[in-house]
């Protein structure tokens, strides 16, 4: 479609430049002031987030025009709402304006992307961090209680005591003779929380223990856990629980798990499975030994001498202690008195307790610790970083707070499934994650079958979660954690969930007709695919002579045996059927005259770039490149 271009009078340009200078002065953007004086350049510097009103000021265009263009691009915004730079750039291009983003480092992204650097000198084996997950009533809590009974009641130090959502157990009496080995357990309330932990870049879960009841088998939440395990590529150990019940069927459970690509090792697969009873204690030692064996294979290491780095598992306000955070230390050692920054909060560690609430002086790697002394309450998944002094911690927290504030200002909403195309089109992602909810199982299976029939290798479609019934808050939370879109078929969205989706900008698409749903998904995917490159052959011939070959270029004589050749056409040169060079025809001559094109059956001269590999006797093919949009059938 032809883009609109608004005619610019000299007076209009002068007015826009004045507006830009005024805006830049008020907002302390010297680069924009400088840019406003360079009308020949025609490029405007704008911040990462800008209101529709201010965007109109700096571009000198009517607000109504900008709002209209936003609506055409599927974005709903009023004059006081804000848009991000990517949106502003698209609208600016449509309106004939060139913009450039003011470069600013995003401290939130830099922290989330930052990897934990472990000093090689002094690094030690650390305890594994294990998450126990499974369907409701399959025995997760009972299993943890049994571990506590077996390894704490006997008088072992450390032990396991439930507090908030972190536990530790020290093993001293197991069949293989393992002594003084510690395991850290993280109890997450469901798959959504587990995914959120992983999405923050804090790989605090080393191993997942999947609990499956021998009498129930694979249930909906079991399937969700399996989806999470596959999505995040986490090692898994399956504990088949309740084997003491009369209706237990271990073989059936293993068969069901095999259908989800969790094949037992004894069947030639790669998934360790152990039969346990949380009631009687059968198999508990075997499970713990398997965890330690898996941990040994992973060679988990950390350096207790480094500055502490961790992640918040839980936080709340505590009477007498103020903001309190439960953090798992990933590397280094956290000590009483350490200045710390946790997300947008900071402070000095005044109180440090273990997971049982007992005062401690330091917390080593893989240790869950309660931290008090913070200026404000951090949130779940925030990164904990220890600094040399309070000033550094305060400044780091301030940067995060400012960045979060700016990001939250962007209130304009993109609508529709096509929003996810942006990352894929720019190469940031090659996956389309979908949370799928339907009215009945038949509809769900039909939609999934249609998805499986969509043929595209460049973009991977993942149904990361599926279910029957209303779209709830947990669906929105899960979609955010997995960067997914939500598709609902003949279902409703809870009002509370809708508010969260609007706030977090999670696309929610609702359909009543399956073919329309599939059509929209195919259309969105088609728009994400790179175009097909087609070489349309126009003619061919042979090189007869080389007239010039120097730094200024190559001029050769040729004969065209068939087709046509024109200035701007591309040319391929072959020697012994092997392509040796390709480029463009820069000029054409017929005898002494310059021409735009030549026909077959005549001799002609053509010019090419310097360095073109052309020799007498080479065969040539004249062609043009065509980009053909691709569609998914």
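Step by step: first the residues of segment 281-305, then only those that are in a loop (DSSP other than H, G, I, E, B) and in contact with a strand residue (DSSP E or B) (Cβ under 7 Å, 6 or more places away or on another chain), then the one that is surrounded by the most Cβ atoms within 10 Å (Cβ to Cβ). Which residue is that?
303
Within segment 412-426, can one find any residue that is modelled with pLDDT of 80 or more, under 21 Å from residue 231 (Cβ atoms) and part of a helix (DSSP H, G or I)?
no
Please determine, by comparing only the residues of segment 117-143 that are surrounded by 19 or more Cβ atoms within 10 Å (Cβ to Cβ) and assigned to a helix (DSSP H, G or I), which one is modelled with the lowest pLDDT.
Here the residue is 140.
Just wondering, is there one or more residues in segment 467-475 that are buried (at least 20 other Cβ atoms within 10 Å of the Cβ) and without any contact (Cβ under 8 Å) to a residue 40 or more places away in the chain?
Checking segment 467-475: at least one residue is buried (at least 20 other Cβ atoms within 10 Å of the Cβ) and without any contact (Cβ under 8 Å) to a residue 40 or more places away in the chain.
Filter segment 348-364 for residues that are within 23 Å of residue 395 (Cα to Cα) and buried (at least 23 other Cβ atoms within 10 Å of the Cβ) and give the result.
none
Select, from 614, 622, the only residue that is in contact (Cβ under 8 Å) with a residue 24 or more places away in the chain, crowded, with 17+ Cβ neighbours inside 10 Å and in a loop (DSSP other than H, G, I, E, B).
Just one listed residue meets the conditions, 614.
Among the residues of segment 575-611, write down those that are farther than 22 Å from residue 536 by Cβ, part of a loop (DSSP other than H, G, I, E, B) and free of Cβ contacts under 8 Å to residues at least 60 places away in the same chain.
576, 591, 592, 611
Test of understanding: among 272, 264, which residue is within 30 Å of the chain's Cα centre (by Cα), outside the structural domain of residue 375 (by TED's automatic domain parsing) and buried (at least 17 other Cβ atoms within 10 Å of the Cβ)?
On inspection, the qualifying residue turns out to be 272.
Yes or no: residue 601 in contact with a strand residue (DSSP E or B) (Cβ under 8 Å, 6 or more places away or on another chain) and over 19 Å from residue 563 (Cβ atoms)?
Against the criterion (in contact with a strand residue (DSSP E or B) (Cβ under 8 Å, 6 or more places away or on another chain) and over 19 Å from residue 563 (Cβ atoms)), residue 601 does not qualify.
Within segment 151-160, does at least one residue satisfy the condition of being surrounded by 22 or more Cβ atoms within 10 Å (Cβ to Cβ), modelled with pLDDT under 75, touching a strand residue (DSSP E or B) at 6+ places or on another chain (Cβ under 9 Å) and in a helix (DSSP H, G or I)?
yes
In this structure, is residue 212 part of a strand (DSSP E or B), modelled with pLDDT of 75 or more, surrounded by 21 or more Cβ atoms within 10 Å (Cβ to Cβ) and more than 17 Å from the chain's Cα centre (by Cα)?
The answer is yes for residue 212.
Considering only residues that are touching a strand residue (DSSP E or B) at 6+ places or on another chain (Cβ under 9 Å) and closer than 17 Å to residue 208 by Cα, look in segment 233-253 and name the one that is surrounded by the fewest Cβ atoms within 10 Å (Cβ to Cβ).
Here the residue is 234.
Sort out which residues of segment 227-240 are part of a helix (DSSP H, G or I) and more than 19 Å from residue 287 (Cα to Cα), and write them in order of number.
227, 228, 230, 231, 232, listed by residue number.
Spot the failing condition for residue 317; the list is (1) at pLDDT 90 or above; (2) assigned to a strand (DSSP E or B); (3) over 23 Å from residue 168 (Cβ atoms), and only one is missed.
If we test residue 317 against (1) at pLDDT 90 or above; (2) assigned to a strand (DSSP E or B); (3) over 23 Å from residue 168 (Cβ atoms), just (1) comes out false.
Return only the number of the condition from (1) in contact with a strand residue (DSSP E or B) (Cβ under 7 Å, 6 or more places away or on another chain); (2) part of a helix (DSSP H, G or I); (3) within 15 Å of residue 138 (Cβ to Cβ); (4) at pLDDT below 90 that residue 278 does not satisfy.
For residue 278, the exception is condition (2).
The values are calculated or read from the model by the stated rules, or taken from the named source; none is laboratory data. Predicted model only: the values in this text are computed from it and were never measured. Positions of Cβ are backbone-derived with ideal geometry, glycine not excepted, and every protein chain shown enters the neighbour counts.
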